[in-house]
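Input: a single structure, listed below in structure tokens.
What follows draws every value from the coordinates through simple rules; no lab data is involved. In this text, all values refer to a predicted model and were calculated from it rather than measured experimentally. Neighbour counts are summed over all protein chains in view; Cβ atoms, including those assigned to glycine, are modelled from backbone coordinates with ideal geometry.
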Ligand code: NAD
Ligand code: LMR
């Protein structure tokens, strides 16, 4: 399935669309951090989407050239560039979807949490501007550590009186993309058919692939479960080490973020069959934020699919308990940061 050449796989068992279908809507999208390693290929993929009428590119540097370059592609989205805090309002005014890959990436030896000191402040100030200029937009947060930056965004929006938990997403699609790829390779399955839900959060052991819920149904030996789980959890580090100081995943992330953005827009457009895993405010556990499958609709999250957490194997149940302590700490760290700074 493709959207003007862009492969889209929203859900293994649902038909992906080739563009606006239900409501035939098009949307205004802003990418904040658009000149970066993720921002550039992501903006290209968004430019290819028939759902997009306007693509606003914002960065603190180098964005005018990226926009000039992209604007020559003969797809309908109109591209414009915004540089520096003084132009942020213009980038955000009336947009439907804001995607945030702004911030520093890891180098070998770092955890995602090591990025907190720089990226927490970047996300806080960008989300403040979102609250002021497009409070009704869906927000897709890519900047790490996602486990903390999403709670920061929620607190900022609350402080501004515009928080809608249905509209704030931590993008964990890359974990699903990786899980699907690694499982298909291991089990010789057709990639396009495979869907592995990945729950929890987006760092180390908080990334939990539910291999027992792989579609199509497939049997795993205990050692395969261990090997695949660890590989999926460490896949980001695999890329960081391979890039040897030149950053983290950018191309696969752009692909994953474009898929998630496309799913958000399909939901906004009224498609009634759009499901993705995402890190959102949730009541499926005793933690305030948790990634599970969510149904996307006209107002963002339409339903949180709690059944992800039923019928787990013993291995998965233990892993859920183990990840909660780390995830709780990351959430609290984000909340404290946002409230201290407010
Ligand atoms: P990068 O350094 O290549 O690009 C980041 C961009 O952000 C740069 O262009 C920079 O100028 C811009 N920027 C910095 N501060 C800004 C601000 N205040 N406003 C607007 N733009 C600003 O980094 P990258 O490889 O694109 O990674 C970006 C972030 O995405 C990192 O935090 C990384 O850890 C994260 N990431 C998340 C996932 C995920 O699965 N959620 C996957 C990969 C990377
Ligand atoms: C990833 O999973 O690739 C990203 O979170 C980037 C990283 O630091 O690993």
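The figures follow:
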{"quantity": "All positions within the range 195-209 that are in a loop (DSSP other than H, G, I, E, B) and surrounded by 24 or more Cβ atoms within 10 Å (Cβ to Cβ)", "calculated": "196, 197, 201, 202"}
{"quantity": "Only one of 238, 227 that is surrounded by fewer than 17 Cβ atoms within 10 Å (Cβ to Cβ) and within 15 Å of ligand 2 (Cβ to nearest atom)", "calculated": "238"}
{"quantity": "The range 139-181, residues that are closer than 22 Å to residue 302 by Cβ, more than 16 Å from ligand 1 (Cβ to nearest atom) and either out of contact with any helix residue (DSSP H, G or I) (no Cβ under 7 Å at 6 or more places or on another chain) or touching a residue at least 40 places away in the same chain (Cβ under 8 Å) (or both)", "calculated": "154, 158, 164, 165, 166, 167"}
{"quantity": "Qualifying positions in the range 236-246 - within 11 Å of ligand 1 (Cβ to nearest atom) and not in a helix (DSSP H, G or I)", "calculated": "246"}
{"quantity": "Filter result (more than 15 Å from residue 84 (Cβ to Cβ) and either touching a helix residue (DSSP H, G or I) at 6+ places or on another chain (Cβ under 7 Å) or part of a helix (DSSP H, G or I) (or both)) within the range 40-64", "calculated": "40, 41, 42, 43, 44, 45, 46, 47, 49, 51, 52, 55"}
{"quantity": "Options 153, 184; residue that is more than 12 Å from ligand 2 (Cβ to nearest atom) and either outside any helix (DSSP H, G or I) or more than 30 Å from residue 220 (Cβ to Cβ) (or both)", "calculated": "153"}
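Residue by residue, here is whether (1) surrounded by fewer than 24 Cβ atoms within 10 Å (Cβ to Cβ); (2) at positive phi; (3) part of a helix (DSSP H, G or I) holds:
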{"position": "94", "(1), (2), (3)": "yes, yes, no"}
{"position": "99", "(1), (2), (3)": "no, no, no"}
{"position": "102", "(1), (2), (3)": "no, no, no"}
{"position": "114", "(1), (2), (3)": "yes, no, yes"}
{"position": "128", "(1), (2), (3)": "yes, no, yes"}
{"position": "163", "(1), (2), (3)": "yes, no, no"}
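Here is a yes/no grid of residues against (1) in contact with a helix residue (DSSP H, G or I) (Cβ under 8 Å, 6 or more places away or on another chain); (2) away from ligand 1 (no atom under 16 Å from the Cβ):
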position: 210; (1), (2): yes, yes
position: 248; (1), (2): yes, no
position: 257; (1), (2): yes, no
position: 265; (1), (2): no, yes
position: 272; (1), (2): no, yes
position: 277; (1), (2): yes, no
position: 285; (1), (2): yes, yes
